[in-house]
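Taking it in order: structure first as structure tokens, then the write-up.
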Amino acid sequence: MHILITGCGGFIGSHLLERLLQRADVTVSGWDHQQAKIEHLLGHQRLNLRGADLYACGNDAHLREDVAAADAVINLAAICNPSQYNTRPLGVIRSNFTDMLRLADLCAEHGKWLIHVSTSEVYGRTLASYTGDAAYEDPALYELREDSTPFTLGPVQNQRWTYACAKQLMERYVYAHHYEHGMPFSIIRPLNFFGPRMDFIPGFEGEGIPRVLACFLSALLRNEPLQLVDGGHARRVITGIDDAVDAFMLLLDKPEAGKGQIFNIGNPANETTIRGLADTMRRLFAEAVGDPAYRDHPMHTVPGETFYGPGYEDSDRRLPNIDKARDLLGWEPVVPLESVLRETIAYYVEKYWHVASRKPRTSAAPSSATGTA
Ligand SMILES: NC(=O)c1ccc[n+]([C@@H]2O[C@H](COP(=O)([O-])OP(=O)(O)OC[C@H]3O[C@@H](n4cnc5c(N)ncnc54)[C@H](O)[C@@H]3O)[C@@H](O)[C@H]2O)c1
């Protein structure tokens, strides 16, 4: 089996690549202009890596060649960082939609199976969040089903939705190619995959605002308060990266079951509020570094618009129904939240604690914080 993976140097790509290359019957063509997370795989005899931008001038012939040679194309490449949705909206729309049209067109032209990795953000806010009390008494108002839940995004000025909207339109484009040209496709909607190598840790691997796991890890390592956006009341399910990669492998092994389908890939048993996530992480961090003081590590509430900038709005809850992945692929996520977090925290503590613990402590609240949780 020959697989083309775009964005193979990112978080999901690096784990998927590792797993695929363990199989002697798989060869991979990978594209990514960043390779720091796959250094250990560079030079593998069954990996043909193109360290380049997929859509840069002059690369189209190579992309066409790689699509033509693939049995399946897994599309992971994207800008997918919440801090950019409202601050770099054009780049986000281009990366998640306009640029990607080319890949879908090539797959359609060559009749190739496109496994497009979208996002659970396409669902937007739950219907329950508009009922006023947001009581979540009726699962029909919050449980996310791939083929029946409506997409509920906010107004245009709330640019936070650029990502969700671009992803949604890309899904529709992929589906349209299937409808008009018979292009085989599957769509994966990930729900918060967590694990080592996710994003970058500010202060150690770059600067900026990554997704929540890396934000909290950075704050713990730098002994700064954990910042809870809008009180950390939003609920998310956390999915271990190994469980997530299992889903991709099952899909590749069961093409007839997975083609033409959209799958939520998330672990409903691991639902937590962001505040609950922060609390669990500081407890597990205390264990990992052997310092019980971290159990009471300070947490501060910060308004979303202060943290992420104007145009930010959050979705309240994302609880997936995963019956389709269970029934068609035989997928069952098994790694509990604490195990996912324990493994991830251990990875970063081993990598950075020796440096972090020698740095001067800066426990003062940041200027953006508006209260203490
Ligand atoms: N990680 C999650 O929990 C999650 C949740 C929802 C959706 N997703 C989706 O899954 C996909 C992968 O996510 P991730 O967490 O691995 O992100 P990531 O940012 O770690 O990886 C994306 C990779 O794509 C590469 N890339 C982007 N544009 C490119 C281009 N034009 N040419 C070549 N390479 C390019 C980047 O360099 C990066 O290495 C994305 O499409 C994202 O929207 C992920």
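The values are calculated or read from the model by the stated rules, or taken from the named source; none is laboratory data. Predicted model, so just to flag it, every value in this text is computed and none were measured. Cβ: placed from backbone, ideal geometry, glycine included. Neighbour counts: every protein chain shown.
Structural remarks
- Complete set of residues in the stretch 1-39 that are without any contact (Cβ under 8 Å) to a residue 24 or more places away in the chain and more than 22 Å from the chain's Cα centre (by Cα): GLN22, ARG23, ALA24
- Qualifying residue in the stretch 209-217 (condition: over 18 Å from the mean Cα position of the chain (by Cα), in a helix (DSSP H, G or I), buried (at least 18 other Cβ atoms within 10 Å of the Cβ) and at pLDDT 95 or above): no
- Filtered residues of the stretch 50-74 (kept if in contact with a strand residue (DSSP E or B) (Cβ under 9 Å, 6 or more places away or on another chain) and within 11 Å of the ligand (Cβ to nearest atom)): ARG50, GLY51, ALA52, ASP53, LEU54, ASN59, LEU63, ILE74
- Single residue of the stretch 87-120 satisfying the filter (assigned to a loop (DSSP other than H, G, I, E, B) and of a type in the set (Lys, Arg)) that is modelled with the highest pLDDT: LYS112
- Test: residue in the stretch 153-176 that is farther than 30 Å from TYR130 by Cα, surrounded by fewer than 17 Cβ atoms within 10 Å (Cβ to Cβ) and at pLDDT 95 or above: yes
- Which numbered condition MET198 misses (of (1) touching a strand residue (DSSP E or B) at 6+ places or on another chain (Cβ under 8 Å); (2) within 12 Å of the ligand (Cβ to nearest atom)): (1)
- Where a residue in the stretch 78-107 is within 13 Å of the ligand (Cβ to nearest atom) and its partner, wherever it lies, is charged (D, E, K, R) and assigned to a helix (DSSP H, G or I), with Cβ under 6 Å and at least six apart: TYR85/ARG160; ASN96/LYS167
- Residue in the stretch 1-36 that is farthest from the ligand (Cβ to nearest atom), counting only those that are part of a helix (DSSP H, G or I) and crowded, with 22+ Cβ neighbours inside 10 Å: LEU20
- So GLU143, is it over 19 Å from ARG64 (Cα atoms) and surrounded by 21 or more Cβ atoms within 10 Å (Cβ to Cβ): no
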